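For reference, the structure is listed below as structure tokens.
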Amino acid sequence: MIPSRGELLRRRRCRLLVFGMILGALLPVFQWSWVTLGIGLAGIAALAVVYRRECRHAGTQEPAQNDTHTRASGD
């Protein structure tokens, strides 16, 4: 099955979030100071929160519209 355009964009966004976290980890390596360490850690934390919300369980979620209940006949 070919993924939809929305699914491809979500995958790209998730890959970019991981790339941003890697860059945040490398920031203090190239420019060492306590300020860059703090900025890198804050950036990683923010990106991790967004990644967890948007990407972690996105492939396993079922649409909520499938949970419809029908009324039994004769009620």
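Values quoted throughout were computed directly from the atomic coordinates according to the rules given, and no laboratory measurement underlies them. This is a predicted model, so every value here is computed, not measured. So basically every Cβ, Gly included, is an ideal-geometry build from the backbone, and we count neighbours across all protein chains shown.
Summing charges over all other residues whose Cβ lies under 14 Å from the Cβ of residue 12, with Lys and Arg as +1 and Asp and Glu as -1, gives +3. Distance between the pseudo-spin-label points of residue 52 and residue 37 (7 Å out from Cα toward the beta carbon): 2.3 nm.
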